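**Student:** There's a structure below that I have some questions on.
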Amino acid sequence: MNDHSRIVNIGLVPLATAALFAGLAVPAVASVPSRVVLRADTDRDGRLTSADDAGRGTWTAARGAIMLPNLDDDRSRCPKAAPDGARLTDAALAACGDASDDVVNGPSDFADLARLEIPAMRNLSAAAHATLLPDAASRDEIRLFIERQGRFVALGADGTLRPDELRHGVRLAIEARDIVRDPAVWTGFTDLTLTVTDRGVSRADRDAARADRGVSRSDRVRLRVAPVLFQNDLMPLKRAVVADPRAPETLEGRKAPSTPIPGAAGYRRDLRRALDAEGLRQPFDESPSGGDRWMGDMYKTAYASMPGPGGAEHRIVVNLRAPAVTPDFPARDRPLRDASRPVFTKLRGPDVAGVQQFDATRVDRPDDNLYYGSAGSTGNFGTIPPYGAYPTGRIVYGGEGKFTPDPTFTRMLAAQGYQDPVVVDTSWLGVGHIDEFMHFVPARSARGWAMVVADPRLGLKLLKDLARTGGGSQRLVDGVDPSKTDKPGMTVAQALHDPSLLDGTRIAGRGVDKALRQLREQAGITGEDIVRVPVLFTKLALPAGYPRTDLTVAYLPDAANGIATGTTARGYLAPVQHAPKRAGKDVFEQATERALGKVGVHVRWIEDWDYAHHVGTAGGDVHCVTNVDRDLRGTTAWWRSPRP
């Protein structure tokens, strides 16, 4: 991304060159009878023709024009800091984007605008007056541009069009200035009305109308802003996003000392080897983290698209910042996690947007943030891959009772309208994220995908089987310095009688069962769609008065907390298990490889004990510390979906 000080804002975009028009599919405006026509790409084929005229004033699943939320930063002009170098507030950081000004920011920005046209009108007098105006509800949500003197410039707030422009035909473009956040505020639709009034009309027309007002004709077009859609785990992985391994000063370009994070070298080494083995050789995207390594919790990757030339999808990436207000926020006007700021300071740029949505009143509820704030981390959000009536997939997230994500954020997700969210109970988990017990992988199956599910009972069963065959004296945690475990020296036999492990298995087994019932009832996911992998859970010891009870975490690394590499490679990146061995082989790793191998998925093991798993009270695993950049070229156009 270019440094902000180097940006030259030209303000107006010349459109006369053949190179700039190439592929835009905007035909020359031809002379037509003097009826008033406002035309948009109603049939969604990327062109403006008379075929668009039918039904242009309505919007249905089959027909209706679409505009993008123009929130990327095609000239990399958005500031990363205040003019004096001070850190921007969360609100100020998120406020910038191509739609935050009233100019077209270069050819790439022009490609993000939906096209409109007014075909040439005959017999229009010099006394004619015309306006093009949006409805009141969308007036502040969209911006119109008009071609004048070979350049697209913002149409004035009064929407005035000149008679000479109408006689020659008018080219226009439109952007949405935001996504739908709350349907009670804006539904995402705009109704544009073109009104033409001509006082210099024929005698017959004057007789039919009051002479002082002239004859008025109007036309209307309805457009909808494209929904923001979660990416899914079937999309091919391009590269991994990991925390910059240096200390807190790495945030927003500050000087970085070389203080290593324990375990980072081993995690990065194994992750690099695994990706290379999958043929994914892009270097890591190093995200400034301030020592906060949990990249999977910082943002969710999504996208928005509209019909482009030839009807193909024209997309922008949309990264959704986690609405996680932390109990130790650095400032009242910066309550979100510092390590999620790179959504705007690093990732936002050409064809990449950032979106932030959270309830600012939660800043004043420190207890809620401490006990329940984790629900808003994006490790608690996922995507059920495409199926049936949901060709772009469905959002799934965890929550129950007070332990729920920010309601303004989940309302925004539901308002997109094409990935109806499924909610499952994750209140039994210490961290409370769905990535602690479920993930999706491409699979050889009728659906084309499977859900990897943590099976607490299977984990305990493997230990019982090992003890019965003479392995009871082995250490429960293999290959780790006992001082780095919670129960140093515990054997397999001892683990089978340990109250916290037995209680953890009971609580987690019950929690997984309930979540699977909810997924079956809401999304039709059955046992045929599930791959069970062993995970050993333990009950957390909680301080007196803690408002949540019966919480569990994975005692051994969690094989369900991994990352699928996508449909082409069909690899799965999972944490090294450090379980006891039979015949020299890790029994948990063997069971995981067998289960995933049945659906055509192979496992790449990543060492993360020191870096992620055994960190803090609850820790995490591969998915928690890794975000991903996926290839969007194989997406299904949402406007061809049967969803309403």
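**Student:** Examine the range 355-370 for a residue that is β-branched (Val, Ile, Thr), surrounded by fewer than 24 Cβ atoms within 10 Å (Cβ to Cβ), assigned to a strand (DSSP E or B) and under 17 Å from the mean Cα position of the chain (by Cα), and state whether such a residue exists. Talk me through it step by step, then tell me what you get.
**Tutor:** Narrowing the range 355-370 to residues β-branched (Val, Ile, Thr): 355, 361, 363.
Checking the rest, the ones that are also surrounded by fewer than 24 Cβ atoms within 10 Å (Cβ to Cβ) come to 361, 363.
After this cut, where a residue has to be assigned to a strand (DSSP E or B) as well, the list is none.
No, the range 355-370 has no match at all.
**Student:** Scan GLY545, GLY600, GLY619 and give me the residue that is at positive phi, of a type outside the set (Asp, Glu) and under 25 Å from the mean Cα position of the chain (by Cα). Give the steps one after another, and end with the answer.
**Tutor:** Working: GLY545 fails: under 25 Å from the mean Cα position of the chain (by Cα); GLY600 fails: under 25 Å from the mean Cα position of the chain (by Cα).
Being at positive phi, of a type outside the set (Asp, Glu) and under 25 Å from the mean Cα position of the chain (by Cα) holds for just one of GLY545, GLY600, GLY619, which is GLY619.
**Student:** Any residue in the range 153-181 that's within 22 Å of THR49 (Cβ to Cβ): show its pairings with residues that are among the β-branched types (Val, Ile, Thr) and part of a loop (DSSP other than H, G, I, E, B) at Cβ separation under 7 Å, as long as the two are six or more apart or on different chains.
**Tutor:** Taking only residues 6 or more apart or on different chains, the pairs are GLY169/VAL29; ARG171/VAL26; ARG171/VAL29.
Yes/no per residue for (1) of a type outside the set (Phe, Trp, Tyr); (2) under 26 Å from LEU144 (Cβ atoms); (3) surrounded by fewer than 16 Cβ atoms within 10 Å (Cβ to Cβ):
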| residue | (1), (2), (3) |
| --- | --- |
| ARG56 | yes, yes, no |
| GLY64 | yes, yes, no |
| MET67 | yes, yes, no |
| SER76 | yes, yes, no |
| ALA86 | yes, no, yes |
| LEU93 | yes, no, no |
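**Student:** Additional query: Hey, among GLN522, GLN494, which residue is farther than 28 Å from VAL603 by Cβ, modelled with pLDDT of 95 or more and either touching a Gly at 6+ places or on another chain (Cβ under 9 Å) or surrounded by 19 or more Cβ atoms within 10 Å (Cβ to Cβ) (or both)? First the steps, then the outcome.
**Tutor:** Working: GLN522 fails: either touching a Gly at 6+ places or on another chain (Cβ under 9 Å) or surrounded by 19 or more Cβ atoms within 10 Å (Cβ to Cβ) (or both).
Of GLN522, GLN494, the one residue that is farther than 28 Å from VAL603 by Cβ, modelled with pLDDT of 95 or more and either touching a Gly at 6+ places or on another chain (Cβ under 9 Å) or surrounded by 19 or more Cβ atoms within 10 Å (Cβ to Cβ) (or both) is GLN494.
**Student:** Among the residues that make up the range 571-588, is at least one of them over 22 Å from ALA443 (Cα atoms) and among the aromatic types (Phe, Trp, Tyr)?
**Tutor:** No, there is no match, as no residue in the range 571-588 is over 22 Å from ALA443 (Cα atoms) and among the aromatic types (Phe, Trp, Tyr).
**Student:** Still on this structure: Select from the range 461-490 the residues that are of a type in the set (A, V, I, L, M), touching a Leu at 6+ places or on another chain (Cβ under 7 Å) and in a helix (DSSP H, G or I) and write down the one among them that is farthest from PRO262 (Cα to Cα).
**Tutor:** Residue satisfying both the conditions and the ranking: ALA467.
**Student:** Okay, next question. So ALA176 passes all but one of these: (1) surrounded by fewer than 17 Cβ atoms within 10 Å (Cβ to Cβ); (2) in contact with a helix residue (DSSP H, G or I) (Cβ under 9 Å, 6 or more places away or on another chain); (3) closer than 21 Å to ARG47 by Cα. Which condition number does it fail?
**Tutor:** Against the list (1) surrounded by fewer than 17 Cβ atoms within 10 Å (Cβ to Cβ); (2) in contact with a helix residue (DSSP H, G or I) (Cβ under 9 Å, 6 or more places away or on another chain); (3) closer than 21 Å to ARG47 by Cα, ALA176 comes up short only on (1).
**Student:** Being crowded, with 22+ Cβ neighbours inside 10 Å and not aromatic (Phe, Trp, Tyr) is the filter here, so list the residues in the range 214-230 that pass it. Talk me through it step by step, then tell me what you get.
**Tutor:** Taking the range 214-230 as the starting set, the residues that turn out to be crowded, with 22+ Cβ neighbours inside 10 Å are 221, 223, 225-230.
Those that are crowded, with 22+ Cβ neighbours inside 10 Å and not aromatic (Phe, Trp, Tyr): VAL221, LEU223, VAL225, ALA226, PRO227, VAL228, LEU229.
**Student:** Name the single residue that is farthest from ASP550 (Cα to Cα) among those in the range 396-412 being in contact (Cβ under 8 Å) with a residue 40 or more places away in the chain and under 13 Å from the mean Cα position of the chain (by Cα).
**Tutor:** Among residues in the range 396-412 that are in contact (Cβ under 8 Å) with a residue 40 or more places away in the chain and under 13 Å from the mean Cα position of the chain (by Cα), the one farthest from ASP550 (Cα to Cα) is MET412.
**Student:** If SER340 meets every condition in (1) surrounded by fewer than 21 Cβ atoms within 10 Å (Cβ to Cβ); (2) within 23 Å of GLY399 (Cβ to Cβ) apart from one, which number is that one?
**Tutor:** Answer for SER340: the failing condition is (1).
**Student:** Take the residues in the range 622-636 that are at pLDDT 95 or above and assigned to a loop (DSSP other than H, G, I, E, B), then tell me which one is farthest from the chain's Cα centre (by Cα).
**Tutor:** THR626
**Student:** Return the residue satisfying two criteria in turn: it lies in the range 262-307 and is among the small types (Gly, Ala, Ser) and either surrounded by fewer than 20 Cβ atoms within 10 Å (Cβ to Cβ) or in a helix (DSSP H, G or I) (or both), and of such residues it is modelled with the lowest pLDDT. Walk me through it before giving the result.
**Tutor:** In the first step, residues of the range 262-307 are kept if they are among the small types (Gly, Ala, Ser); the result is 263-266, 274, 277, 279, 287, 289-291, 296, 302, 304-305.
Checking the rest, the ones that are also either surrounded by fewer than 20 Cβ atoms within 10 Å (Cβ to Cβ) or in a helix (DSSP H, G or I) (or both) come to 264-266, 274, 277, 279, 291, 296.
Values: ALA264: 94, ALA265: 94, GLY266: 96, ALA274: 97, ALA277: 95, GLY279: 93, GLY291: 86, GLY296: 98.
Once the filter is applied, the top-ranked residue is GLY291.
Residues checked against (1) crowded, with 17+ Cβ neighbours inside 10 Å; (2) touching a Ser or Thr at 6+ places or on another chain (Cβ under 8 Å); (3) not small (Gly, Ala, Ser):
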| residue | (1), (2), (3) |
| --- | --- |
| ALA120 | yes, yes, no |
| SER125 | no, no, no |
| ALA128 | yes, yes, no |
| GLU141 | yes, yes, yes |
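**Student:** Give me the strands (runs of 3 or more DSSP E) completely within the range 43-153, filtered to those with at least 1 residues that are within 18 Å of ARG171 (Cβ to Cβ) and polar (S, T, N, Q), ordered by residue number.
**Tutor:** 129-134
**Student:** Are there any pairs, at least 6 apart or on different chains, whose C-beta atoms fall under 8 Å, with the first in the range 265-278 and over 16 Å from HIS623 (Cα atoms) and the second of a type in the set (S, T, N, Q), and if so, which?
**Tutor:** Cβ pairs passing all conditions: GLU278/THR565.
**Student:** Can you find even one residue in the range 408-421 that is at pLDDT below 95 and outside any loop (DSSP other than H, G, I, E, B)?
**Tutor:** No - not one qualifying residue is present in the range 408-421.
The values are calculated or read from the model by the stated rules, or taken from the named source; none is laboratory data. What you see is a predicted model, and the numbers here were worked out from it, not measured in a lab. Note: ideal-geometry Cβ built from the backbone for every residue, glycine included; neighbour counts use all protein chains shown.
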